[in-house]
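Heads up, the thing below is written out as structure tokens.
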Amino acid sequence: MPTSEVTALETVAPAEIHLRFEPAGVLRMTIGDRRSIVKVALYQASPLRRPGRHLSFLDGAGDEVAMVDQVDELPEASREIAREALRRRYLTARIARITGIRQEFGVTYWDVETDRGPRDFVVQSLSEACQWLGDHHLLFIDVDGNRFEIADRTALDPESRHLLDDVL
């Protein structure tokens with residue numbers, strides 16, 4: 001019977017984590033004087049309604065190298081870089097108006113007005129790609145991983161609410 005190898009996660013004190021963008025746009029991490037990870041991906045492991053909590057650092061191979069309970073535990077310079085990395089990863093367009101929605105074979109095609117201008121996007125499965133972040137707060141993740149948010153569905157115009165209600 002094949003066995004899978006499990007490697008233990010190194011214990012890392014948040015104060016030992018030093019982050020920088022080097023080269024520009026590429027997150028790099030140094031852990032004390034022990035280790036340097038050339039390319040790091042920073043994810044938020046907790047629900048998105050608790051920003052800056054339960055941060056997971058993954059190396060270029062996708063292996064977790066460290067976890068931090070909250071961004072405020074990092075040294076000040078690394079804290080700001082972590083916030084910027086999270087902002088970039090979880091960049092979200094806010095939907096102000098829905099101009100059209102159509103569904104075909106479980107795929108939903110959206111035409112919307114956002115705070116970043118008009119957008120068209122495709123959602124493969126609403127049951128998997130739509131998350132309720134509150135009673136009226138919705139998050140959609142399209143097939144390309146882009147995020148679209150409706151902060152308050154009750155604040156949408158009547159036509160947008162009607163279109164949304166038809167697909168939810």
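The values are calculated or read from the model by the stated rules, or taken from the named source; none is laboratory data. The structure presented is a predicted model; accordingly, all values stated were derived computationally and were not measured. Quick reminder, even Gly has a Cβ in these numbers, built from the backbone with ideal geometry, and neighbours come from all protein chains shown.
State whether the residues of segment 70-77 include one that is part of a strand (DSSP E or B), among the charged types (D, E, K, R) and in contact (Cβ under 8 Å) with a residue 24 or more places away in the chain. No, every residue in segment 70-77 fails to be part of a strand (DSSP E or B), among the charged types (D, E, K, R) and in contact (Cβ under 8 Å) with a residue 24 or more places away in the chain. Residues that are in contact with a Lys or Arg (Cβ under 7 Å, 6 or more places away or on another chain), in a strand (DSSP E or B) and surrounded by 16 or more Cβ atoms within 10 Å (Cβ to Cβ): does segment 115-137 have at least one? The answer is no; no qualifying residue exists. Among the residues examined, ASP59 qualifies as outside the structural domain of ILE150 (by TED's automatic domain parsing) and either at pLDDT 90 or above or in contact with a strand residue (DSSP E or B) (Cβ under 6 Å, 6 or more places away or on another chain) (or both).
For segment 1-45, a residue qualifies if it is surrounded by fewer than 16 Cβ atoms within 10 Å (Cβ to Cβ), at pLDDT 80 or above, part of a loop (DSSP other than H, G, I, E, B) and on the phi < 0 side of the Ramachandran plot, and the qualifying residues are ALA13, GLU22, PRO23, ALA24, VAL26, ASP33, ARG34, VAL38, LYS39, ALA45.
Among the residues of segment 53-64, which ones are within 14 Å of LEU19 (Cβ to Cβ) and touching a Leu at 6+ places or on another chain (Cβ under 7 Å)?
LEU55, PHE57
Comparison of ARG147, ARG161 shows that the only residue that is closer than 25 Å to ARG88 by Cα and surrounded by 12 or more Cβ atoms within 10 Å (Cβ to Cβ) is ARG147.
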